[in-house]
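**Student:** If you scroll down you'll find the structure; I have some questions about it.
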Amino acid sequence: MSRALASTGFWGLGLSLGVPESWRPSTLHPWRRAGALSRVRRAWVIPPISVSENHKRLPYPLVQIKSDKQPLGSVLYSIQGPGVDEEPRGVFSIDKFTGKVYLNAMLDREQTDRFRLRAFALDLGGSTLEDPTDLEIVVVDQNDNRPAFVREVFVGRVLEGAAPGTYVTKAEATDADDPETDNAALRYSILEQGAPEVFSIDEHTGEIRTVQVGLDREVVAVYNLTLQVADMSGDGLTATASAIISLDDINDNAPEFTRDEFFMEATEAVSGVDVGRLEVEDRDLPGSPNWAARFTILGGDPDGQFAIRTDPKTNEGVLSLVKPLDYESRERHELQVLVQNEAPLQAAAPRAVRGQARVTVWVQDANEAPVFPENPLRTSLAEGAPPGTPVAMFSARDPDTRQLQRLSYSKDYDPEDWLRVDAATGRVLTQRVLSPASPFLKDG
Ligand SMILES: [Ca+2]
Ligand SMILES: [Ca+2]
Ligand SMILES: [Ca+2]
Ligand SMILES: [Ca+2]
């Protein structure tokens with residue numbers, strides 16, 4: 001508050017604030033040197049009058065101007081300009097008899113940092129005693145503005161494994177105070193980040209960079225930093241913001257099978273069916289090419305009977321049959337299977353322990369029961385038909401086509417022993433005259 005505000009060269013005009021009421025303003029002779037200098041340059045040589053913003057004791061005497069022509073008679077002083085009779089009106093006034101200039105309102109440097117007034121000296125008759133002269137009033141800054149970050153959250157991204165010193169993002173703050181002074185001299189710092197220190201900030205530029213080697217997304221994917229900015233070159237008013245820094249994934253983890261060996265069973269003689277699933281793990285970003293598995297059958301499938309596709313949801317390998325297996329020619333298949341990512345693995349990534357697995361597929365011998373295409377078979381017969389009348393012809397099918405099997409037919413339930421079945425052909429004949437009164441006939 002009570003900083004020395006200005007001392008103005010050869011005029012010896014010194015103003016300070018916070019002094020007692022009895023303080024008398026310095027006297028300024030704005031016209032005294034006028035004659036010695038050219039008219040054009042005259043305004044330049046009158047030193048500015050400095051006054052601090054936020055001055056609360058009002059009215060406050062700023063300066064007293066005097067004309068050397070006063071001995072010739074009474075002088076009437078007046079001022080004009082923005083701050084007097086132009087907006088903002090009434091900030092300054094002058095005692096027309098004494099020439100004392102008063103400040104009447106609290107100043108805000110951030111709104112108006114200087115006032116240019118015109119000063120007049122007239123005789124009592126209203127005639128000009130002196131040429132109008134300029135009075136410049138400079139508003140001196142106080143640190144009355146806290147620095148402010150331009151946003152609450154700064155977002156940054158950096159590849160995991162990036163070299164120390166890699167640029168991540170830039171924090172930025174403003175301060176409404178005078179940029180020429182310490183009041184707006186900002187310094188950035190990181191208040192909080194997880195230990196150990198992972199990021200640094202340039203205190204002058206706000207640039208955030210990596211510090212550590214071996215940033216690993218699979219350990220910490222997102223960092224949340226608390227940033228601070230302080231004026232007065234770091235010792236003044238402060239403000240805080242966050243920086244959220246995400247590590248972008250690289251493919252630094254090889255996919256691995258969860259087991260060294262998988263066992264499955266597959267039915268022979270079918271194709272286009274799934275046999276089983278191969279579970280894998282990959283620590284990289286799920287759903288990304290760094291995570292997605294690709295399977296290769298390295299050996300054990302000389303006839304190309306197997307294929308492996310990836311389940312995009314689970315990343316499992318789905319083993320399927322593209323050509324039918326044959327139990328009789330091979331009961332067991334042993335496949336050597338490799339898993340890799342869609343994206344190439346980083347050269348520095350550790351080698352996979354279970355990058356390969358053995359898959360044992362046991363072939364199931366298929367011997368399915370024959371089936372009747374029409375079951376039950378309904379038929380009708382004339383009443384009193386003689387024995388030997390054909391009733392129906394059953395024809396069953398055996399899906400077990402790869403095995404030589406003979407079908408034979410026989411009857412199972414015939415309480416009144418009416419029918420006879422030809423075991424080889426499946427033909428059914430009557431062997432007695434059917435009685436319509438029999439409780440075993442339906443609908444007569
Ligand atoms: Ca400030
Ligand atoms: Ca200020
Ligand atoms: Ca990976
Ligand atoms: Ca990774």
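The values are calculated or read from the model by the stated rules, or taken from the named source; none is laboratory data. Every value quoted in this text rests on a predicted model; they were computed, and no experiment measured them. With ideal geometry, Cβ positions are generated from the backbone for all residues, glycine too; neighbour counts draw on all protein chains shown.
**Student:** Looking at residue 305 and the list (1) touching a Leu at 6+ places or on another chain (Cβ under 7 Å); (2) touching a residue at least 40 places away in the same chain (Cβ under 8 Å), which single condition is not satisfied?
**Tutor:** Here residue 305 meets the rest and fails (2).
**Student:** I've got another one for you. Six or more apart or on different chains, Cβ atoms under 6 Å: show the pairs whose first residue is in region 101-129 and under 25 Å from residue 74 (Cβ atoms) and whose second is among the basic types (Lys, Arg).
**Tutor:** 129/69
**Student:** With the structure loaded, tell me whether residue 366 is modelled with pLDDT of 70 or more and surrounded by 10 or more Cβ atoms within 10 Å (Cβ to Cβ) or whether it fails that test. First the steps, then the outcome.
**Tutor:** Working: modelled with pLDDT of 70 or more: yes; surrounded by 10 or more Cβ atoms within 10 Å (Cβ to Cβ): yes.
Considered against the rule, which asks whether it is modelled with pLDDT of 70 or more and surrounded by 10 or more Cβ atoms within 10 Å (Cβ to Cβ), residue 366 comes out as yes.
**Student:** Go through (1) away from ligand 1 (no atom under 16 Å from the Cβ); (2) buried (at least 19 other Cβ atoms within 10 Å of the Cβ); (3) farther than 22 Å from residue 352 by Cα; (4) not β-branched (Val, Ile, Thr) one by one and return the number of the condition residue 212 breaks.
**Tutor:** For residue 212, the exception is condition (2).
**Student:** Looking at 305, 356, 340, which is the one that is of a type outside the set (D, E, K, R) and under 23 Å from residue 160 (Cα atoms)?
**Tutor:** Criteria check complete, one pass: 340.
**Student:** Looking at region 119-130, is at least one residue within 30 Å of residue 232 (Cβ to Cβ), away from ligand 2 (no atom under 16 Å from the Cβ), modelled with pLDDT of 90 or more and out of contact with any helix residue (DSSP H, G or I) (no Cβ under 8 Å at 6 or more places or on another chain)?
**Tutor:** Looking only at region 119-130, we keep the residues that are within 30 Å of residue 232 (Cβ to Cβ), and these are none.
For region 119-130, residues within 30 Å of residue 232 (Cβ to Cβ), away from ligand 2 (no atom under 16 Å from the Cβ), modelled with pLDDT of 90 or more and out of contact with any helix residue (DSSP H, G or I) (no Cβ under 8 Å at 6 or more places or on another chain): absent.
**Student:** Here is a follow-up. In this structure, does residue 180 turn out to be within 30 Å of residue 80 (Cα to Cα) and not assigned by TED's automatic domain parsing to the domain that holds residue 25? Give the steps one after another, and end with the answer.
**Tutor:** Numbers: within 30 Å of residue 80 (Cα to Cα): yes; not assigned by TED's automatic domain parsing to the domain that holds residue 25: yes.
The answer is yes for residue 180.
**Student:** Right, another one. Considering only region 50-93, state which residues are among the polar types (S, T, N, Q), under 60 Å from the mean Cα position of the chain (by Cα) and part of a strand (DSSP E or B). Reasoning before the result, please.
**Tutor:** Here is the first cut: in region 50-93, the residues among the polar types (S, T, N, Q) are 50, 52, 54, 64, 67, 70, 74, 78, 80, 93.
Remaining after also requiring under 60 Å from the mean Cα position of the chain (by Cα): 50, 52, 54, 80, 93.
Hits for region 50-93 are 50, 52, 80, 93.
**Student:** Report, by residue number, each residue of region 131-150 that is part of a loop (DSSP other than H, G, I, E, B) and within 13 Å of ligand 2 (Cβ to nearest atom). Reasoning before the result, please.
**Tutor:** We begin by selecting, within region 131-150, every residue part of a loop (DSSP other than H, G, I, E, B); these are 131-132, 141-147, 150.
Those that are part of a loop (DSSP other than H, G, I, E, B) and within 13 Å of ligand 2 (Cβ to nearest atom): 141, 142, 143, 144, 145, 146, 147.
**Student:** When region 85-99 is examined, which residues are found to be modelled with pLDDT under 95 and either under 18 Å from residue 48 (Cβ atoms) or crowded, with 17+ Cβ neighbours inside 10 Å (or both)?
**Tutor:** 99
**Student:** Does residue 229 satisfy being assigned to a strand (DSSP E or B), within 16 Å of ligand 1 (Cβ to nearest atom) and not polar (S, T, N, Q)? Show your work before the answer.
**Tutor:** On the way: assigned to a strand (DSSP E or B): yes; within 16 Å of ligand 1 (Cβ to nearest atom): yes; not polar (S, T, N, Q): yes.
Spelling it out, residue 229 is indeed assigned to a strand (DSSP E or B), within 16 Å of ligand 1 (Cβ to nearest atom) and not polar (S, T, N, Q).
**Student:** In region 317-333, how many are assigned to a loop (DSSP other than H, G, I, E, B) and either assigned by TED's automatic domain parsing to the domain that holds residue 219 or crowded, with 18+ Cβ neighbours inside 10 Å (or both)? Working first, answer last.
**Tutor:** Filtering region 317-333 down to residues assigned to a loop (DSSP other than H, G, I, E, B) leaves 322-331.
If we keep only those that are either assigned by TED's automatic domain parsing to the domain that holds residue 219 or crowded, with 18+ Cβ neighbours inside 10 Å (or both) as well, we get 325, 327.
Summing the residues that are assigned to a loop (DSSP other than H, G, I, E, B) and either assigned by TED's automatic domain parsing to the domain that holds residue 219 or crowded, with 18+ Cβ neighbours inside 10 Å (or both) in region 317-333 gives 2.
**Student:** Within region 232-253, track down each residue that is within 16 Å of ligand 1 (Cβ to nearest atom) and part of a loop (DSSP other than H, G, I, E, B).
**Tutor:** The answer is 235, 236, 237.
**Student:** Now, a different point. Output the number of residues of region 282-300 satisfying the condition of being within 16 Å of ligand 4 (Cβ to nearest atom), of a type outside the set (Gly, Ala, Ser) and surrounded by fewer than 15 Cβ atoms within 10 Å (Cβ to Cβ). Steps first, please.
**Tutor:** Taking region 282-300 and keeping what is within 16 Å of ligand 4 (Cβ to nearest atom), we get 282-293.
Adding the requirement that they be of a type outside the set (Gly, Ala, Ser) leaves 282-286, 289-291.
With the extra rule that they be surrounded by fewer than 15 Cβ atoms within 10 Å (Cβ to Cβ), the set shrinks to 286, 289.
Residues flagged as within 16 Å of ligand 4 (Cβ to nearest atom), of a type outside the set (Gly, Ala, Ser) and surrounded by fewer than 15 Cβ atoms within 10 Å (Cβ to Cβ) within region 282-300 amount to 2.
**Student:** Here are 231, 248: which of them is acidic (Asp, Glu) and more than 16 Å from ligand 2 (Cβ to nearest atom)? First the steps, then the outcome.
**Tutor:** Working: 231 fails: more than 16 Å from ligand 2 (Cβ to nearest atom).
248 is the lone residue from the list that is acidic (Asp, Glu) and more than 16 Å from ligand 2 (Cβ to nearest atom).
**Student:** Looking at region 151-165, which of its residues are in a loop (DSSP other than H, G, I, E, B) and surrounded by fewer than 18 Cβ atoms within 10 Å (Cβ to Cβ)?
**Tutor:** Of all residues in region 151-165, those in a loop (DSSP other than H, G, I, E, B) come to 151-152, 160-165.
If the condition is that a residue be in a loop (DSSP other than H, G, I, E, B) and surrounded by fewer than 18 Cβ atoms within 10 Å (Cβ to Cβ), then 151, 152, 163, 164, 165 are the ones that fit.
**Student:** I'd like to check something: does region 229-247 contain any residue that is within 16 Å of ligand 4 (Cβ to nearest atom), surrounded by 19 or more Cβ atoms within 10 Å (Cβ to Cβ) and polar (S, T, N, Q)?
**Tutor:** No, every residue in region 229-247 fails to be within 16 Å of ligand 4 (Cβ to nearest atom), surrounded by 19 or more Cβ atoms within 10 Å (Cβ to Cβ) and polar (S, T, N, Q).
**Student:** Please work out if residue 259 is in contact (Cβ under 8 Å) with a residue 60 or more places away in the chain, among the basic types (Lys, Arg) and away from ligand 4 (no atom under 16 Å from the Cβ).
**Tutor:** Numbers: in contact (Cβ under 8 Å) with a residue 60 or more places away in the chain: yes; among the basic types (Lys, Arg): yes; away from ligand 4 (no atom under 16 Å from the Cβ): yes.
Yes.
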